[in-house]
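Q: Can you read through this structure? Questions will come right after.
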Amino acid sequence: MSHDNLPAQTSQDEQAAIAAATAALPAHRPRRTDVDPRAARRAERQIALMFLGSALMTVLFIVAFVVIPVDQNVYIWGFGTVNASNIALGVTFGLAILLIGTGAIHWSKKLMNEKEEVQMRHSLASTPQDRESAIEAFDTYSADSGFAQRPVIRRSLITAMALFPIPMVVMLRDLGPLPGTVLRETLWQKGSRIVIDPTERPVRPSDLPIGGLISAMPADLPEVQHEEGNLNARAKAAIILVRMEPQEIVSQQGENWDYGGILAFSKICTHVGCPIALYEQRSHHLLCPCHQSTFDLADSGNVVFGPAARRLPQLPITIDPEGFLVAVDGFAEPVGPSFWERGDA
Amino acid sequence: MKKRSSRRRSLAAGVLMGGALLAVGSGYAVVSAETTPEPVVAIAEGSIEQLQVGRQLFLEGCSSCHGLSGQGIESVNATGGNGGPSLIGVGEAAVDFQVSTGRMPLAAPEAQAPRKDPLYTQEEIAALAAYVATLGPGPVNPTEEELNLEEANIAEGGEIFRTNCTQCHNFAGSGGALTDGQYAPSLMNATKEQIWQAMVTGPQQMPIFSNETLTPEDKRNLIAYVESLKVEPNPGGLDLGRLGPVTEGLFLWTAGLGFLIVAAIWIGAKVR
C-alpha cells in the first residue's frame with residue numbers, strides 16, 4: 001500500500017519504456033566546459049571568484065558597520081547627498097547574497113552534470129484493491145458506530161453541528177451601530193466662524209485677494225478633543241476659500257452663497273475623499289491629486305473631468321457683525337465620497 | 001545736427017517722464033500710507049536714474065508683448081503669441097519673481113513659462129521692477145527683516161506647507177503636474193525671496209497667499225520649512241525625484257521587473 005511517489009522498482013516493461021523515452025529525446029550535446037578542460041577551469045575560476053567576492057562583501061559590511069558613523073552623509077554622483085552608512089551596508093549586504101546566488105547558478109550551468117535522465121513514477125491513483133478495501137472498512141465501522149440505527153443521537157448531533165456556526169454571524173452585530181446621520185453632518189452650522197487652517201486666524205473678506213486661496217476650518221474644530229473624534233470632524237469640515245471676480249462666477253449652488261466673490265467649497269473630493277486643493281486660479285479649476293477629478297469652482301463646483309460623480313458641495317458664507325467670514329448654514333448635502341444610504345448617485 | 005537734437009529731446013523726455021513717475025509714485029505712497037497704517041501694497045521708490053534705466057529696459061525687452069505703457073496686448077493668434085497681460089498693478093514682486101527666475105522674457109509661447117537662467121543682472125531687474133511698480137500699486141518685495149528666518153518655527157511652517165502647498169508642490173517640494181501641460185515647479189531652486197514673491201503675486205496658475213491670510217510670520221515659518229527640505233539629506237539611495245508612487249512604481253515595473261526577467265532568462269538559458 002505504498003503511495004510514496006518515488007522511483008519504482010523497474011520491471012522489464014518499464015525498462016523498455018525508459019529506453020523508448022530516452023531515445024525520443026534530442027541527442028545530448030556536450031557543453032564547451034564538458035569537452036574543453038581550459039573552459040572548465042575558467043568557469044571554475046569565475047565561480048570561485050564570485051564566492052570569494054561574496055565573502056569580501058560580508059567582511060566589508062562588518063567593516064562599514066563598525067567604521068562609518070551613522071549620521072555621516074556623502075555625495076554620490078547620480079544619487080545626491082545620501083547617508084553613507086545606509087548606502088555602504090545596503091550595497092555590501094546585497095552584493096554578498098547576490099554573488100552567492102550567481103555563483104551557484106553559474107556552477108550548476110557550467111560544471112554540474114547536465115545529462116538528461118528519464119525516471120519512471122507510479123500512477124497517483126490508488127489501486128482498485130485499495131479502493132475496495134477502503135469502502136469495505138467504511139461500511140464496517142459505520143455499522144459498528146450505530147449511526148444509522150440510533151436516530152436520537154444522529155439528529156441531536158446534526159442539530160448541534162447546524163447551530164454551531166451561528167455565533168459567527170451574530171458577532172457581526174458589533175460592526176454596528178449604523179452610521180445614522182454622522183455622514184450627513186459636519187461641524188459647520190449657522191454662524192460658524194471660518195478660521196484659517198492651521199493658524200486658526202479668522203478671515204476678513206479684504207484678507208483674500210482676487211485669485212487668492214486659503215485652506216480653512218470651523219473655529220470650534222480645535223475644541224473637539226481627539227477622543228471625541230477630532231480627526232473625523234476635521235476630515236469632514238475641511239474647506240477651501242477662493243476669491244474671483246464676482247462677474248466670473250457663472251453659477252452657484254444657492255443664490256448669493258458667495259461673499260463679494262469669495263466662495264467656500266468642501267476640500268474633500270466627492271470621488272474617494274482625498275483632500276483637494278490643486279487650484280488653478282486662472283481657469284478656476286480645482287484638481288484632485290489622487291485621480292485627477294476636476295471641478296469648476298466658477299460653475300457651482302461641477303465636475304468637468306475625472307471619475308468624481310458629484311459636484312463639490314458649496315458652503316454658503318457671509319460676514320458676522322465683527323466683519324469676519326462665517327457660514328450662513330451647514331452644507332446642504334453630505335460632503336465627501338458616496339455611501340450606501342446617501343440615496344442618489 | 002538733426003540727430004543730436006532728437007537724442008537730446010528723447011533724453012529730456014526720459015528725465016521728465018522719470019520725474020513725473022517718481023512724483024506720482026511717492027505721492028501715492030504718501031497718500032496710501034495715510035489711509036492704511038501698514039501698507040502691504042505700495043509703490044516702490046527708486047531714483048530717477050534707476051527708473052530711467054528700468055523704463056529703457058522695459059521698452060527694449062518687454063513692451064513688444066506687454067505694450068509700450070505696460071497696458072498689455074491682446075494676442076493676435078490662437079497660440080497666444082505676442083500677447084502679454086497688463087502689468088499695471090502687478091507690483092515689483094511679480095517683476096522680480098518672473099525675471100529673476102528667468103521665466104520672463106518668454107522664449108516662446110507655450111503652456112507655461114519654464115524656469116531658466118535669468119537674462120538680466122540684479123541691478124537691471126531692480127530697475128525694471130522699480131519702473132513697473134510705478135505703473136500701479138502692487139505687491140512689494142519682502143524686506144531683509146521679513147526674510148530673517150532666525151526665529152522661524154519650522155514645525156509650524158511644515159504644517160502650513162502640508163495644508164496649503166503640498167497638493168501642487170508635493171510633500172518634498174519637488175513639484176507636480178497640473179492640466180494642459182502646466183505644472184507646479186519644484187521649489188528646490190527657488191530662493192527665499194522668490195518663494196515669498198510667488199505667494200504674494202500668484203504667478204501663472206498659482207493662487208495668491210496674501211499677507212493677511214498667511215501673515216509674514218507664517219510665510220517665514222513656511223520658507224524656513226522649504227529651506228530645511230532643500231538641505232535635508234537623503235537617507236536612502238536613489239530618490240527618483242521624490243515624486244512619490246508614480247516614479248517609484250514606474251522604476252519598479254521597468255527596471256525592477258526587467259532585472260528579474262533578465263535574471264530568469266539567464267538562469268533558464270541552455271549553456272553551450
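Q: Quick one: what Rg and Dmax do you get for the protein assembly as shown from the alpha carbons, in Å?
A: Over the protein assembly as shown's Cα set, Rg and Dmax evaluate to 37.5, 136 Å.
Q: Relative to the longest principal Cα axis of chain A, at what angle does helix A:84-110 sit, 0 to 90 degrees, rounded to 10?
A: 30
Q: Tell me the accessible surface of A:Phe339 in square angstrom (1.4 angstrom probe, heavy atoms of protein chains only), to the nearest ten.
A: Only protein atoms counted, so the area is about 40 Å².
Q: Expressed in whole Å with the largest first, what are the equivalent ellipsoid semi-axes of chain A derived from the C-alpha gyration tensor as the square root of 5 times each eigenvalue?
A: Details: eigenvalues 954, 375, 96 Å².
Output for chain A: semi-axes of 69, 43, 22 Å.
Q: If each residue of separation counts as 0.36 nm, what is the full-extension length gain between B:Glu151 and B:Gln122 once their alpha-carbon separation is subtracted? Write down the numbers at each step before the final one.
A: Details: separation 29, 0.36 × 29 = 10.44 nm, distance 2.77 nm.
Extending this stretch completely gives an extra 7.7 nm.
Q: Leaving ligands, DNA and RNA out of it, rank B:Glu145, A:Glu116 by accessible area with a 1.4 Å probe, largest first. Don't skip to the answer; put the middle values down first.
A: Numbers: B:Glu145 155, A:Glu116 85 Å².
Most to least solvent-accessible, the answer reads B:Glu145, A:Glu116.
Q: Can you spot the lysines whose alpha carbon is less than 27 Å from B:Lys270's alpha carbon? Ignore those fewer than 8 places along the same chain.
A: A:Lys109, A:Lys110, A:Lys115
Q: Ignore the peptide's own chain and count Cβ atoms of other chains within 10 Å of each Cβ in B:200-212; give me the average, rounded. Provide the component values of the computation, followed by the final result.
A: On the way: counts 2, 2, 7, 1, 3, 8, 6, 15, 10, 5, 8, 2, 10.
Across B:200-212, the average partner-chain Cβ count within 10 Å equals 6.
Q: Here is a further query. If I take R0 = 25 Å and measure r between the Cβ atoms of A:Val272 and B:Glu232 in this structure, what FRET efficiency does the formula 1/(1 + (r/R0)^6) give, to the nearest 0.05? The partial results should precede the final answer.
A: Details: r = 31 Å, r/R0 = 1.22.
Once the sixth-power term is evaluated, E becomes 0.25.
Q: Using heavy-atom solvent-accessible surface (probe 1.4 Å) with all chains present, what is the largest-first order of A:Arg45, A:Arg311? It would help to have the intermediate numbers written out before the result.
A: Details: A:Arg45 140, A:Arg311 85 Å².
Solvent-accessible surface, decreasing: A:Arg45, A:Arg311.
Q: Tell me the carbon and sulfur percent of the accessible area for chain A, rounded to whole percent, probe radius 1.4 Å.
A: On the way: 13150 of 21480 Å².
Carbon and sulfur atoms account for 61 percent of the accessible area of chain A.
Q: With the full set of protein chains in place, find how many percent of the accessible area of region B:178-219 is carbon and sulfur; take the probe as 1.4 Å. Let's see the in-between values first.
A: Numbers: 760 of 1440 Å².
That share works out to 53 percent.
Q: Can you give the charge dipole size of chain A about its Cα centre, rounded to the nearest 20 debye, using +1 on the beta carbon of Lys and Arg and -1 on the beta carbon of Asp and Glu?
A: Working: 29 positive and 37 negative charges, 270 e Å.
Computed about the Cα centre, the dipole is about 1300 debye.
Q: Along each of the three principal axes of the Cα atoms of region A:116-262, give the extent in whole Å, ordering the values from largest to smallest.
A: Result, largest extent first: 95, 62, 32 Å.
Q: Also, quick follow-up: Taking amide hydrogens as modeled 1.01 Å from N in the peptide plane, which residues meet the under 5 Å criterion relative to B:Ile208, leaving out close sequence neighbours?
A: Under 5 Å from the amide H of B:Ile208 lie the amide H atoms of A:Gly212, A:Leu213, each far enough along the sequence or on another chain.
Q: Next question. Going by amide H atoms built from the backbone, whose H comes under 5 Å of the H on B:Gly84, apart from near neighbours?
A: B:Ile73
Q: Using alpha-carbon positions, what is the distance between the centroids of region A:97-176 and region A:12-27, in Å?
A: If we compute the Cα centre of each part, the gap is 34 Å.
Q: Using r as the Cβ-Cβ distance of A:Phe93 and B:Ser69, and R0 as 60 Å, what FRET efficiency do you calculate, to the nearest 0.05?
A: Values: r = 68 Å, r/R0 = 1.13.
E between A:Phe93 and B:Ser69, to the nearest 0.05, is 0.35.
Q: Sequence neighbours fewer than 8 away in the same chain don't count; with that in mind, list the aspartates and glutamates whose C-alpha is under 15 Å from B:Lys116.
A: Cα-Cα hits under 15 Å: B:Asp96.
Q: Evaluate the Debye formula for region B:121-272 with equal point scatterers sitting on the alpha carbons, no solvent, and hand back log10 of I(q)/I(0) at q = 0.08, 0.12, 0.16, 0.21 Å⁻¹, in q order, two decimals.
A: So the normalised log intensities are -0.35, -0.64, -0.97, -1.38.
Q: Rounded to the nearest 100 Å², what is the buried accessible area between B and A, both sides summed, probe 1.4 Å? Before the final figure, lay out the partial values.
A: Numbers: alone 16690 and 23150 Å², together 36430 Å².
Buried surface at the B/A interface: approximately 3400 Å².
Q: Using only alpha carbons, build the gyration tensor for region A:44-95 and give me the equivalent ellipsoid semi-axes, biggest first, whole Å. Kindly include the intermediate steps, with their values, before the conclusion.
A: On the way: eigenvalues 129, 35, 7 Å².
Each semi-axis is the square root of five times an eigenvalue, giving 25, 13, 6 Å.
Q: May I pose another question? Once the Cα atoms of region A:1-152 are picked out, what are the Rg and Dmax in Å?
A: 30.2, 85
Q: Still on this structure, please answer the following. Between region B:186-219 and region B:254-272, what is the separation of their alpha carbon centroids in Å?
A: Rounded to whole Å, the Cα centres lie 50 Å apart.
Q: So for chain A: antiparallel DSSP bridges make up what percent, rounded to the nearest 5? Before the final figure, lay out each step's value.
A: Details: 35 of 36 bridges.
In chain A, DSSP labels about 95 percent of beta bridges as antiparallel.
Q: How many nm is it between the label spots at A:Leu124 and B:Glu144, if each spot is 7 Å from the Cα in line with the beta carbon?
A: Spacing of the two 7 Å Cα→Cβ label points: 8.4 nm.
Q: Full-extension gain between A:Gln149 and A:His226, please, as 0.36 nm times their residue separation minus the C-alpha to C-alpha distance. Numbers along the way, then the final one.
A: On the way: separation 77, 0.36 × 77 = 27.72 nm, distance 6.47 nm.
Using 0.36 nm per residue and subtracting the Cα-Cα distance, I get 21.3 nm.
Q: Could you give the accessible area per residue of region B:193-272, probe 1.4 Å, as a whole number in Å²? Don't jump to the answer; show the numbers that get you there.
A: Numbers: 4030 Å² over 80 residues.
Heavy-atom accessible area per residue stands at 50 Å².
Q: Ratio of alpha-carbon Rg to the 2.2 N^0.38 Å globular estimate for region A:300-342, to two decimals, please. If you can, show how the numbers build up before the last one.
A: On the way: Rg = 13.9 Å, N = 43, 2.2 N^0.38 = 9.2 Å.
For region A:300-342, the normalised Cα radius of gyration is 1.51.
Q: Take B:Gln182 and A:Asp139, extend 7 Å from each Cα along the Cα→Cβ direction, and tell me the distance between the two endpoints in nm.
A: 8.5
Q: Okay, moving on. Select from A:Thr22, A:Gln119, A:Leu89 the residue farthest towards the positive end of the dipole of region A:22-154; place +1 on Cβ of Lys and Arg, -1 on Cβ of Asp and Glu, and compute about the Cα centre.
A: Value computed over the given set: A:Leu89.
Q: OK, next. May I ask for the equivalent-ellipsoid semi-axes of region A:182-342, computed as the square root of five times each C-alpha gyration tensor eigenvalue and listed largest first in whole Å? It would help to have the intermediate numbers written out before the result.
A: Values: eigenvalues 89, 86, 37 Å².
Square roots of five times the eigenvalues give 21, 21, 14 Å.
Q: What is the distance in Å between the Cα centroid of region B:107-142 and that of region A:223-288?
A: What the calculation gives is 32 Å, centre to centre.
Q: Going by average Cβ neighbours within 10 Å, how do the peptides B:112-122, A:78-88 rank, with the highest at the top? Intermediate values should be presented prior to the final figure.
A: Details: B:112-122: 13.1, A:78-88: 16.4.
Answer by packing, highest mean first, reads A:78-88, B:112-122.
Q: Using a Förster distance of 45 Å, how high is the FRET efficiency between A:Thr181 and B:Thr247, based on the Cβ-Cβ distance and rounded to 0.05?
A: Details: r = 43 Å, r/R0 = 0.94.
Working from the Cβ atoms, E equals 0.60.
Q: Return one whole number: the accessible area per residue of chain A in Å², for a 1.4 Å probe. Don't skip to the end; give the middle numbers.
A: Values: 21480 Å² over 345 residues.
Dividing the accessible area of chain A by its residue count gives 62 Å².
Q: Still on this model: In whole Hz, what ³J(HN,Hα) sequence does region B:213-225 give by Karplus (6.51, -1.76, 1.60; θ = phi - 60°), x for Gly and Pro?
A: Listing the rounded values in order: 7, 10, 5, x, 5, 4, 5, 4, 4, 5, 5, 4, 5 Hz.
The values are calculated or read from the model by the stated rules, or taken from the named source; none is laboratory data. Please read all numbers here as calculations on a predicted model, not as lab measurements. Don't worry about glycine lacking a Cβ; one is built from the backbone with ideal geometry, like all the others, and counts go over all protein chains shown. We work out accessible area using only protein heavy atoms, side chains counted, and drop any ligands, DNA or RNA first. Shrake-Rupley method; radii C 1.70, N 1.55, O 1.52, S 1.80 Å.
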